[in-house]
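Q: This is the structure, below, for whatever I ask next.
Each reported figure results from applying straightforward, stated rules to the coordinates on display, with no laboratory input. The structure presented is a predicted model; accordingly, all values stated were derived computationally and were not measured. When we count neighbours, we look across all protein chains shown, and the Cβ atoms used for this are built from the backbone with ideal geometry, even at glycine.
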Ligand code: OTU
C-alpha cells in the first residue's frame, strides 16, 4: 500500500470514530469514502500529511455538527443534481450589495427584481469585513468571519441566502485566497513579533530574495502599487504584496494556512453560500525564476480544498478567478489526473477580450483563431462568461495568435486601448486608461459596457442612428455571452445600460483607482421606468436582455456539458458558434460589423428548410442563406 492509502485508512478510522450515527454524519463518511483519496493525495503533493490531516478531520466533524438540516438537505439534493449550475436556466448577476441595495436587508427586498430578470445565480461582490479606508473594493479582507458592518451581519447573510434560495437563486461570495489586509489578525500577530504568524506571510529581512524574485515578476498595479514587496516597519522586513501594499500575500506553503482556509470555507458554507469565487487563485504559489502564477502546487491545493468541500458540503462549488491565457486556464477546471477535481467554474477572460476585439476591428479572425486554441474542459464544469465585470479589461492578445492572422500583438493591444478610450478615429467609446506599462506603453481599460459600446456618446449627441446601432452592438455582444454555454454573468447596471460614473472621484479611498468609474450606484428610478415603459434606451436594453434570457432558458442545447465550437474561416466580421448538443444542434450567427453581411446555408451545419431563431421566436425558410443586418444575432434551431 502507498503512503496515501495507509493514511486514507487511518484517517477514515479516526473520522468514523468521531462521527455519530445520524444520517448527515453517515453521509459525510460516505463522501469521505468517495473523495478522501483525492483530498489526501493532493495534500501529499504539498504538505507533510500529519501537519494538516488531524486539523481537517476536526474541522469536518465540528462543521458537520454545526450545519443546519436545511443545508444538509440541499447537499443531498445537489448530489442528485450535480449539474445544477451547468443548466441553460442558470443566469448570473453580479453586484455590490451597497451600490445595489444599500445593505443585505435592502437586498432582500430586491429579490423580486432579480427574479423578474430571470436571475438564478447571484454573486455579491466582496462583502466580508475589509480594512478601513482604501481596500481594493473589498479585496483586502480584515476578517473572514464577519460582514462589513454597514452591510449586515453573518446571521443576516444566512437569512439572505435562505431568501435567495426560496426564490431559486444561489449565492456566490468571494474568497480572497492570495492575500489578507495588513489589518487582519494574522498580520497583526506577525507584526507584534509572533514567529508562528510571521510564517503565514513571505517576509524577508532585506532585499536579496525579493530582488531575485523581481527579476521575473510582472506588476499588477504598476501605477499605484509598484513592485511586489513592501517594507513594513513593525515586521522590520519586506513582505510580499503582489497587489497593493496593504494586501499581504499569504504563505500557502505553510500547512497552517491551509487549515485556516479550510475552516473559513466550512464557515461560509454553513452560512448558506453556494459558490466561492477564488480570487487571484493563480498567484498563490511562488517559485523563484517564474512569474509566480499558475504553478502546479496551485492546482494541488485547489484539489485538496475542493475535495474537502465535496466531503463536507457537496452543494458548494468553486469558481476560479484566473485571468490567464488559453494555455493556462484549462488547468483551473482540471487537466490530466485533476480533470473535474479542481474548480467547477472558471472565468472565460479570452472570450471577453475577443468579443471586444472583434467589435473594435469589425473582424472575427482573431476571435476564431484564439477560440480554436482552447482544449476541451471537463463535461462536469462550466465557464463563467461575461462582457464586463468590476475590473479593468486587460488586452490579453497573444502575440503568436495575432501574428497568425496578420496582426502585430503589441500594435493590436495599443489599437484596442486607443479604440475603447475614443482615441482611435471614428470610435465612440468612452473608456479610460487604467495602468500604463512604462516600457511598452500598453494600457488596460476601464469603462462600463454602455460607455464602451458607444451608447453614452450617441445618447449625449442625441444621434438616433448612432444610438440604434450602439444598442444593437450591445445586445449582439450580450447574445454571444448568453449563447456560449456556461453561466452568463450580467454585471449590475448592464441590464439598463448604465454609463460611466465619475462620482468615485469624490471619495479619497477610491479616487486613484478608476475601475470605480464602471461601478455605479444602481439607478432604481431608471429600473422602474424601464420595466414599465418602452422606447427609452434603458427599457430597450432591459427588454433585450430579458428576451435573450428567456430564449436561453428554453434552450437545453445551451447546457454547459457540451462545448461551443467557434467556426473558423469566416473572418469578415461574422462569428458562427456551433453547439452540437444531443438536445438539438444550435447554430449561432453574429454580425459584429456595421454593414450587412451574408451567411450561406452551407455554413450552418445541418440546418435546412424551416428554421427558428430562438432569440426572436421567428421561424423562416432558410433557403440559400441569410442576409445579416449590422449587429444581428441568431440562435438557429431546426424548427
Ligand atoms: C482580482 O483581480 C480582483 O478581481 C480585483 O478586483 C482585485 O483588485 C485583485 O484580484 C486583488 O484581489 O488577480 O487573477 O486586471 O484581473 O487584478 C487575476 C487585473 C487577478 C485583474 C487582477 C485580478
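Q: Rounded to two decimals, what is Rg over Rh for the stretch 287-367 when you use alpha-carbon atoms and the Kirkwood radius?
A: Details: Rg = 15.5 Å, Rh = 14.2 Å.
Rg divided by Rh gives 1.09.
Q: Taking a virtual spin label 7 Å from the Cα of residue 438 along the C-beta vector, which residues in the stretch 227-252 bring their backbone nitrogen under 12 Å of it?
A: Of the residues in the stretch 227-252, 227 have backbone N under 12 Å from the label point off residue 438.
Q: Further question on the same structure: Subtracting the Cα-Cα distance from 0.36 nm times the residue separation, let me have the gained length for residue 216 to residue 550 in nm, one decimal.
A: 115.5 nm
Q: What's the percent breakdown of Cα-Cα distances in the stretch 159-274 across 10 Å bins, shortest bin first?
A: 13, 37, 27, 16, 7, 1
Q: Expressed as cubic angstrom per residue, what is the convex hull volume of the alpha carbon set of the stretch 400-558? Spell out each step's value before the answer.
A: Working: hull volume 25.0 nm³, N = 159.
Considering the Cα atoms of the stretch 400-558, their hull volume per residue is 157 Å³.
Q: Let me ask another. Determine, for each peptide in 169-177, 47-55, 182-190, the mean count of other beta carbons within 10 angstrom over its residues, then list the peptides with the highest first. Please report the intermediate quantities before stating the final value.
A: Numbers: 169-177: 23.2, 47-55: 16.6, 182-190: 20.7.
The packing order, highest mean first, is 169-177, 182-190, 47-55.
Q: Please report the equivalent ellipsoid semi-axes of the stretch 22-113, computed as sqrt(5 x eigenvalue) of the Cα gyration tensor, largest first, in whole Å.
A: Values for the stretch 22-113, descending: 33, 18, 16 Å.
Q: Å³ per residue of the Cα convex hull, for the stretch 329-384?
A: Values: hull volume 3.6 nm³, N = 56.
Each residue corresponds to 65 Å³ of Cα convex hull volume.
Q: Moving on to the next point. Using the 10 angstrom Cβ neighbour count as an exposure proxy, how do 443, 388, 34 rank, fewest first?
A: Details: 443 23, 388 26, 34 14.
So the ranking, lowest neighbour count to highest, is 34, 443, 388.
Q: Where the Cα atoms of the stretch 485-541 are projected onto their three principal axes, how long is each span, largest first, in whole Å?
A: Rounded to whole Å, the extents work out to 38, 32, 14 Å.
Q: Can you give the log10 of the normalised intensity I(q)/I(0) at q = 0.27, 0.28 Å⁻¹, computed with Debye over equal Cα scatterers of the stretch 47-98?
A: The Cα Debye sum returns log10 ratios of -0.96, -0.99.
Q: Still on this model: Tell me, how many Å apart are the Cα centres for the stretch 522-569 and for the stretch 270-339?
A: Each part reduced to its Cα centre gives a spacing of 30 Å.
Q: Taking each pair of distinct Cα atoms in the stretch 533-639 once, what is the resulting Kirkwood hydrodynamic radius in Å?
A: Working: mean 1/r = 0.0688 Å⁻¹.
Answer for the stretch 533-639: a Kirkwood hydrodynamic radius of 14.5 Å.
Q: Once R0 is set to 22 Å, what does the formula 1/(1 + (r/R0)^6) return for the Cβ-Cβ distance between residue 400 and residue 335, expressed as a FRET efficiency to the nearest 0.05? Please list the in-between numbers first.
A: Numbers: r = 21 Å, r/R0 = 0.95.
Taking R0 as 22 Å, the efficiency between residue 400 and residue 335 is 0.60.
Q: In whole angstrom, and with the biggest value first, how far do the Cα coordinates of the stretch 1-57 range along each principal axis?
A: 33, 19, 17
Q: So what is the diffusion coefficient of the stretch 318-425 in µm² per second by Stokes-Einstein at 10 °C and 1.306 mPa s, using a Kirkwood Rh over Cα pairs?
A: On the way: Rh = 14.6 Å.
Using the Kirkwood radius from Cα pairs, D works out to 109 µm²/s.
Q: To continue, here is another question. If you wrap the stretch 367-422's Cα atoms in a convex hull and average its projection over all directions, what's the area in nm²?
A: Over every viewing direction, the Cα hull of the stretch 367-422 projects on average to 5.1 nm².
Q: What does the helix-only formula give at 222 nm for the chain: each DSSP H stretch with n ≥ 4 adding -39500 (n - 2.57), the total divided by the residues, and the result rounded to the nearest 500 deg cm²/dmol? Show your work: numbers first, answer last.
A: Values: 23 runs with 246 residues, N = 639.
Here the helix-only value at 222 nm equals -11500 deg cm²/dmol.
Q: In nm, what is the difference between 0.36 nm times the number of residues separating residue 167 and residue 145 and their Cα-Cα distance?
A: Numbers: separation 22, 0.36 × 22 = 7.92 nm, distance 2.57 nm.
Length gained, residue 167 through residue 145: 5.3 nm.
Q: On a full-extension model of 0.36 nm per residue, what is the gain between residue 288 and residue 30, subtracting their alpha-carbon distance, rounded to one decimal in nm? Could you put the intermediate results ahead of the total?
A: Values: separation 258, 0.36 × 258 = 92.88 nm, distance 4.09 nm.
Separation in residues times 0.36 nm, less the Cα-Cα distance, equals 88.8 nm.
Q: Please tell me the relative contact order of the stretch 356-503 in percent, rounded to the nearest whole number, where contacts are Cα pairs under 8 Å and at least six residues apart. Don't skip to the answer; put the middle values down first.
A: Details: 194 pairs, mean separation 37.5, N = 148.
Here the relative contact order equals 25 percent.
Q: Order the peptides 90-101, 306-317 from the highest to the lowest mean number of other Cβ atoms within 10 Å of their residues.
A: Top to bottom by mean Cβ count within 10 Å: 306-317, 90-101.
Q: While we're here: Compute the semi-axes of the equivalent ellipsoid of the stretch 183-250, taking the square root of 5 times each eigenvalue of the Cα gyration tensor, and list them largest first in whole Å.
A: On the way: eigenvalues 83, 35, 17 Å².
Calculated on Cα positions only, the semi-axes equal 20, 13, 9 Å.
Q: So, one more: Sorted by average packing, counted as other Cβ atoms within 10 angstrom per residue and highest first, what order do 617-628, 471-482 take? Could you put the intermediate results ahead of the total?
A: Values: 617-628: 13.2, 471-482: 23.7.
Per-residue mean Cβ counts within 10 Å order the peptides as 471-482, 617-628.
Q: Once all Cα-Cα distances of the chain are split into 10 Å bins that start at 0, what whole-number percent is in each one?
A: Spelled out bin by bin, the chain gives 3, 16, 26, 27, 18, 8, 2, 0 percent.
Q: Determine how many Å³ per residue the convex hull of the Cα atoms of the stretch 53-189 encloses.
A: Values: hull volume 19.6 nm³, N = 137.
Given the Cα convex hull of the stretch 53-189, per-residue volume reads 143 Å³.
Q: Here's another thing I want to ask about it. What number, in nm² with one decimal, is the all-direction average of the projected area of the convex hull of the alpha-carbon atoms of the stretch 127-199? Don't skip to the end; give the middle numbers.
A: Numbers: hull surface 23.0 nm².
In nm², the orientation-averaged hull projection of the stretch 127-199 is 5.7.
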